[in-house]
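Here is the structure we will look at, set down as structure tokens.
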Amino acid sequence: MNWLLEAFSEPTVIQAIVVISLVAAVGLYLGKLKLFGISLGITFVFFTGIIAGHLGVVINREMMVFAQNFGLILFVYTLGLQVGPGFFSSLKEEGIQLNLMSIGVIFLGLLLTMILHWTTGISLTNMVGLLCGAVTNTPVLGAAQQAFLQMHPEDTKTVTDMSLACAVAYPLGVMGVILAIITLKKVYGPSYCEHKESIVTKPHVAEFLVSNPAIYHKSIPEVMKLTGKQFVISRIWRDRKVMIPTSETRLEKEDHLLIISAKADVEAIKVLFGEKENVDWNKEDIDWNAVDSTLISRRIVVTQGKLDGVKLGSLRLRNLYGINITRVNRAGIDLVASPKLRLQMGDRLTIVGEANAVKAVGTILGDEVKRLTAPNLFAIFLGISLGVLLGVLPISVPGLTMPLKLGIAGGPIIIGILMGAFGPRFHLTTYTTQSANLMMRQFGIVIYLAGLGIDAGAHFFETVFQGEGLVWIGIGFILTFVPVILIGLLANWFFKVDYGSNIGMICGSMANPMALTYANTTIDGDDPTVSYATVYPLSMFLRVITAQLIIMLFMQ
């Protein structure tokens with residue numbers, strides 16, 4: 001049995017791997033447990049590590065530092081890859097209001113952090129740790145710690161204290177957002193359940209009758225120039241016969257058009273064409289292949305690497321094959337198939353046309369799902385290398401005594417976003433399946449959380465139950481509750497944001513999936529989830545960068 005005791009007690013590489021793995025395994029198991037319908041998920045690894053550290057578990061310091069840093073890098077880079085394709089589109093008109101409000105939550109929290117630092121005398125590093133716990137965002141803590149270590153490489157005690165502050169504020173960080181959601185539900189009243197149009201563009205199918213003389217005998221491109229709205233004409237019924245429109249097709253009086261567009265644009269399209277038929281084409285149980293006997297509808301997956309980043313319109317598939325692409329599904333989100341949309345590996349295109357034509361288009365696009373299962377590791381390792389190099393790049397800023405560095409959290413997340421957004425344009429395949437990306441992200445963050453908890457655990461309980469610990473808990477709750485409730489009320493009273501979008505924005509600005517789980521139980525529909533996804537990319541990026549900037553700017 002001596003070998004077993006040595007494996008756990010001697011600070012070796014083997015001991016570090018065993019302890020971190022066991023802490024992760026126990027934390028993941030306990031994270032499945034629910035209290036009042038809420039589970040902490042992988043975050044329980046953090047608290048399991050704290051218990052292990054409190055019990056006196058000590059592991060090889062160099063090994064733990066490497067594991068934490070590599071786990072953090074892997075998490076933020078793959079997070080950047082995931083949000084990259086939708087990052088810049090979320091900043092456009094459809095999501096700009098919600099993103100501005102989420103920025104308000106972030107900067108109000110930063111302002112409160114500085115005010116409480118100046119008024120209470122709590123050190124800035126501890127206040128940043130409390131902020132990270134209040135917003136339940138441990139990757140941001142890692143970014144702040146790395147920024148501090150760049151300035152004070154030997155001061156590991158302050159870094160550990162930041163972890164303690166984060167751990168103390170974390171539990172009420174979860175509950176504070178949920179309490180804000182409950183408060184907003186009372187403010188909105190019973191009318192909150194009334195579904196309002198989501199600000200995110202989602203494809204909507206409607207049938208129109210051409211009765212506007214101004215567009216008679218005009219081609220589809222000529223008609224589209226008359227409006228700034230994006231839409232796709234899927235089918236045309238003329239004299240009871242169905243046809244797939246091409247760019248040369250001219251519209252005639254009493255043509256029936258099946259059009260895919262954003263739901264918010266339906267009224268404008270109705271004005272353009274004349275009349276809207278009272279038929280619901282958005283029911284999930286519609287058999288599109290039975291709508292007309294001569295055409296089939298099929299989903300085809302883009303697996304040809306040479307098409308990565310190519311504009312959909314440049315393929316001219318409609319004119320060459322007489323088919324129509326009605327929508328594009330990317331990462332579970334349906335997009336309107338506009339000619340300017342750039343294809344990405346893994347996109348699923350809904351194709352309507354004759355069977356032989358659809359089959360031919362499938363050959364062009366690839367439609368070999370097995371190819372997507374092969375990991376594209378080149379982009380992973382290249383991106384991590386570039387991200388770390390960007391993180392250590394010194395950036396001179398006037399007025400600062402030392403150059404800024406983005407650190408091992410800021411650099412990789414920026415490179416990940418850029419590669420996810422623009423990699424396909426340079427024919428660099430950055431696609432990973434959702435499950436593969438989630439696997440890498442969770443693997444990285446679990447390793448980071450395990451090491452973080454073990455490091456903070458030695459003095460956690462004595463800190464919590466001292467007077468200072470109770471003050472930290474109160475301050476953490478203020479940093480959680482005040483920004484989200486103030487911006488939430490502002491969104492309701494002045495911007496008339498509906499309840500579902502409002503609470504989703506709050507959860508996304510705090511990067512709090514536990515609160516989102518609760519939010520989804522308070523309302524029917526997917527408005528909270530859609531709103532969460534709209535603000536999450538920019539919010540996560542800003543939190544990582546601003547946490548480092550506070551340390552660098554105010555601790556010179």
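The values are calculated or read from the model by the stated rules, or taken from the named source; none is laboratory data. Everything numeric in this text was worked out from a predicted model, so none of it was measured. Ideal geometry is used to build each Cβ from the backbone, glycine not excepted, and the neighbour counts take in all protein chains shown. All accessible areas refer to the heavy atoms of the entire protein, side chains included, with ligands and DNA or RNA removed. Shrake-Rupley method; radii C 1.70, N 1.55, O 1.52, S 1.80 Å.
Can you confirm whether the range 210-226 contains a residue that is part of a loop (DSSP other than H, G, I, E, B) and under 36 Å from the mean Cα position of the chain (by Cα)?
Within the range 210-226, the first condition is being part of a loop (DSSP other than H, G, I, E, B), and the residues that meet it are 211-212, 216-218, 225-226.
Within this subset, residues satisfying the condition of being under 36 Å from the mean Cα position of the chain (by Cα) are 225-226.
Yes, the range 210-226 has at least one match.
Please go through the range 342-360 and pick out each residue that is more than 20 Å from residue 434 (Cβ to Cβ) and either out of contact with any strand residue (DSSP E or B) (no Cβ under 6 Å at 6 or more places or on another chain) or charged (D, E, K, R) (or both). Before the answer, list the steps.
So the first thing to find is which residues in the range 342-360 are more than 20 Å from residue 434 (Cβ to Cβ), and the list is 351-360.
Within the range 342-360, 353, 354, 356, 357, 359, 360 meet the criteria.
Just name the residue that is farthest from the chain's Cα centre (by Cα) out of those in the range 126-145 that are crowded, with 23+ Cβ neighbours inside 10 Å and of a type in the set (S, T, N, Q).
Pass one, the range 126-145, residues crowded, with 23+ Cβ neighbours inside 10 Å: 127-145.
Those still in the list that are of a type in the set (S, T, N, Q) too: 136-138, 145.
Working: 136: 16, 137: 14, 138: 16, 145: 23 Å.
Per the criteria, the residue is 145.
Which pairs have Cβ atoms under 6 Å, sit 6 or more apart or on different chains, and link a residue in the range 249-260 that is closer than 14 Å to residue 275 by Cα and without any contact (Cβ under 8 Å) to a residue 40 or more places away in the chain to one that is of a type in the set (Asp, Glu) and surrounded by fewer than 22 Cβ atoms within 10 Å (Cβ to Cβ)?
none
State which residue is most open to solvent (accessible area, probe 1.4 Å) when the search covers only the range 331-356 and only residues that are among the acidic types (Asp, Glu) and touching a residue at least 60 places away in the same chain (Cβ under 8 Å).
As a first pass, look at the range 331-356 and keep what is among the acidic types (Asp, Glu): 334, 347, 354.
Right, trim to touching a residue at least 60 places away in the same chain (Cβ under 8 Å) and you get 334, 354.
On the way: 334: 45, 354: 118 Å².
Selected residue: 354.
Given the criteria modelled with pLDDT under 80 and open to solvent by less than 30 Å² (accessible area, probe 1.4 Å), does residue 40 qualify?
Working: modelled with pLDDT under 80: yes; open to solvent by less than 30 Å² (accessible area, probe 1.4 Å): no.
No; evaluated as a whole, the condition is false for this residue.
Within the range 164-190, which residues are without any contact (Cβ under 8 Å) to a residue 40 or more places away in the chain and either crowded, with 24+ Cβ neighbours inside 10 Å or touching a strand residue (DSSP E or B) at 6+ places or on another chain (Cβ under 7 Å) (or both)?
Correct list: empty.
Being closer than 30 Å to residue 59 by Cα, touching a residue at least 12 places away in the same chain (Cβ under 8 Å) and surrounded by fewer than 16 Cβ atoms within 10 Å (Cβ to Cβ) narrows it down to one of 369, 392, so name that one. Walk me through how you get there before you give the answer.
On the way: 369 fails: closer than 30 Å to residue 59 by Cα.
Only one candidate passes the filter, namely 392.
Could we say that residue 380 is closer than 22 Å to residue 548 by Cα, modelled with pLDDT of 75 or more and open to solvent by less than 50 Å² (accessible area, probe 1.4 Å) here? Let's see the steps before the verdict.
Values: closer than 22 Å to residue 548 by Cα: no; modelled with pLDDT of 75 or more: yes; open to solvent by less than 50 Å² (accessible area, probe 1.4 Å): yes.
No, not satisfied.
What residue, of 443, 422, 461, 477, is under 22 Å from the mean Cα position of the chain (by Cα) and under 30 Å from residue 24 (Cα atoms)?
On the way: 422 fails: under 30 Å from residue 24 (Cα atoms); 461 fails: under 22 Å from the mean Cα position of the chain (by Cα); 477 fails: under 22 Å from the mean Cα position of the chain (by Cα).
Only one candidate qualifies: 443.
Name the residue that is nearest to residue 355 (Cα to Cα), counting only residues in the range 313-330 that are of a type in the set (A, V, I, L, M, F, W, C) and open to solvent by 30 Å² or more (accessible area, probe 1.4 Å).
So in the range 313-330, the residues of a type in the set (A, V, I, L, M, F, W, C) come out as 315, 317, 320, 323, 325, 328.
Add one more test, that the residue is open to solvent by 30 Å² or more (accessible area, probe 1.4 Å), and what stays is 315, 320.
Numbers: 315: 19, 320: 15 Å.
So, considering only residues that are of a type in the set (A, V, I, L, M, F, W, C) and open to solvent by 30 Å² or more (accessible area, probe 1.4 Å), the one nearest to residue 355 (Cα to Cα) is 320.
Taking interchain pairs and intrachain pairs at least six residues apart, which have beta carbon atoms under 8 angstrom, with the first residue in the range 311-323 and small (Gly, Ala, Ser) and the second in a helix (DSSP H, G or I)?
That search, which allows pairs on different chains as well, returns 322/357.
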